[in-house]
């Protein structure tokens with residue numbers, strides 16, 4: 001293609017080359033007809049003919065008489081290379097982005113890459129039942145499944161969520177629930193409703209890394225409150241911090257915290273709600289792991305902070321991503337006295353969550369099989385967490401400690417004095433094994449000796465991966481270990 005001003009057909013040819021290089025058009029794949037491509041790009045038929053002729057001369061495409069144009073089977077163009085995951089710093093890129101890049105790179109199995117992301121193994125999804133209800137949604141309720149289900153969401157689903165709230169002692173009314181695209185969106189809506197840029201939000205530390213990215217995007221200041229692996233956020237430190245700073249909201253994962261796995265005792269939850277209610281400070285509760293307790297029956301399900309809410313102080317968020325399937329993207333928020341604002345924000349963002357997914361989940365819950373699924377899931381997860389914890393203690397160097405959570409998916413591992421989880425992360429990633437290093441769970445370079453493992457994936461090969469991680473950990477150079485932080489505001 002010549003220099004200077006680019007003609008229409010040259011521009012079209014270049015765009016086709018980009019699509020071929022990216023893999024959007026595969027080798028040997030039939031390309032759009034001349035007339036179809038002309039209509040798509042709003043150019044003349046002659047322009048497309050000239051573009052295809054140019055591509056054919058460059059051996060990007062081949063013309064087959066009576067059939068049309070096909071992408072050449074020859075190696076005519078170097079594919080566009082995705083960023084090498086090993087070059088992506090988890091402090092700059094989201095762990096989720098690196099995980100995605102690692103998956104696209106191939107040659108990685110679920111029990112290796114899944115160690116980094118808090119999600120269920122695919123074999124634990126109730127796939128067959130969800131498939132059945134997805135078909136029922138399309139066949140029996142096509143209008144509901146394909147029409148808008150605008151905020152606050154599908155009525156039957158909100159009713160079923162309210163009924164499910166009884167298991168955690170949480171008073172949820174269908175009219176107060178807003179269905180969201182996962183818990184992440186619920187948290188974003190909650191924060192957007194109660195804070196403005198420049199405000200201060202108190203959070204547990206360490207804390208789920210995506211929440212830190214979310215808070216940064218909202219332009220708020222972050223107050224990190226120490227969190228113990230047993231009982232969660234320190235109320236003493238929080239109370240002291242509230243006296244020192246103008247805090248606009250507090251965010252907690254009280255039940256099976258991510259990443260420590262802590263579960264705040266009931267009395268402490270009541271005290272937290274009372275402390276904030278007296279000061280008029282909203283509490284945003286992320287209860288996405290609350291259903292994953294390891295007790296023998298439903299009565300062991302930990303109570304929520306929301307259950308102590310008497311004046312609408314608590315904005316309660318959860319989803320089915322950790323219990324049914326992450327791809328459904330069905331979550332919800334009960335926003336307390338901020339319901340009108342949250343509902344309006346949800347409408348402005350995307351009108352409503354996926355209609356087909358909402359109807360599918362509503363029918364699944366209405367069928368009544370969810371409690372049975374949860375009982376089986378809890379039993380499996382309890383075994384998986386115990387097995388992974390034992391594997392870490394068996395294979396990692398002496399002095400390594402691992403949390404022993406009463407529920408949830410994750411383990412918080414602390415390496416021996418002086419060992420760096422960032423260095424372990426880099427060495428493990430070179431072996432196509434991914435962990436979540438402790439540094440990403442704080443806005444400062446903290447928890448250098450800690451990292452998080454996902455025990456929601458425990459497959460036949462997982463123990464071998466843990467053993468390999470342990471060998472890498474034994475060979476780590478000595479550095480400087482950092483422990484739990486003091487309270488501090490970070491802009």
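Here are the numbers for the structure shown:
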| item | result |
| --- | --- |
| Cα shape, the stretch 8-71, gyration tensor, a/c 1.5 rule | rounded |
| For the chain: relative contact order, % (alpha-carbon pairs under 8 angstrom, 6 or more apart) | 19 |
| Packing rank of 19-32, 203-216, where each peptide gets the mean count of other beta carbons within 10 Å, highest leading | 203-216, 19-32 |
| Sorted peptide list for 9-17, 325-333, 391-399, 281-289, criterion being average Cβ within 10 angstrom, highest first | 281-289, 325-333, 9-17, 391-399 |
| Footprinting exposure proxy for 164, 373, 293 (fewest neighbouring C-beta atoms within 10 Å first) | 373, 164, 293 |
| Among [x] 1.11; [y] 1.05; [z] 0.99, the entry derived from the coordinates for Cα Rg over 2.2 N^0.38 Å | [x] |
| Inter-centroid distance (Cα atoms) of the stretch 9-23 relative to the stretch 372-389, Å | 49 |
| Relative contact order of the stretch 127-370, pairs being alpha-carbon contacts under 8 Å that are 6 or more residues apart, as % | 31 |
| Global form of the stretch 132-239, assessed from the alpha-carbon gyration tensor, a/c cut-off 1.5 | prolate |
| Gained length - residue 35 relative to residue 56, 0.36 nm times residue gap less alpha-carbon distance | 5.8 nm |
| Helix 355-367 vs. the chain, principal-axis angle (Cα, 0 to 90°, nearest 10) | 50 |
| Fewest-first sequence of 314, 342, 43, 402 by Cβ atoms within 10 Å of each Cβ | 43, 402, 342, 314 |
| Linear extension gain, residue 270 paired with residue 46, 0.36 nm per residue minus alpha-carbon span | 73.3 nm |
| Helix axis angle, 462-474 relative to the chain longest principal axis, alpha carbon, degrees | 80 |
| Order of 404, 463 under a 10 Å beta carbon neighbour criterion, fewest first | 404, 463 |
| On Cα atoms only, tilt of 155-164 relative to the major axis of the chain in degrees | 40 |
| For the stretch 201-255 versus the stretch 287-345, the gap between their alpha-carbon centres in whole angstrom | 18 |
| For the chain, calculated [θ]222 nm from helices alone, where every DSSP H run of n ≥ 4 adds -39500 (n - 2.57) | -12500 deg cm²/dmol |
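Here, each number is a calculation from the coordinates, and none is a lab measurement. Remember, predicted model here, so these are calculated numbers, not experimental data. Positions of Cβ are backbone-derived with ideal geometry, glycine not excepted, and every protein chain shown enters the neighbour counts.
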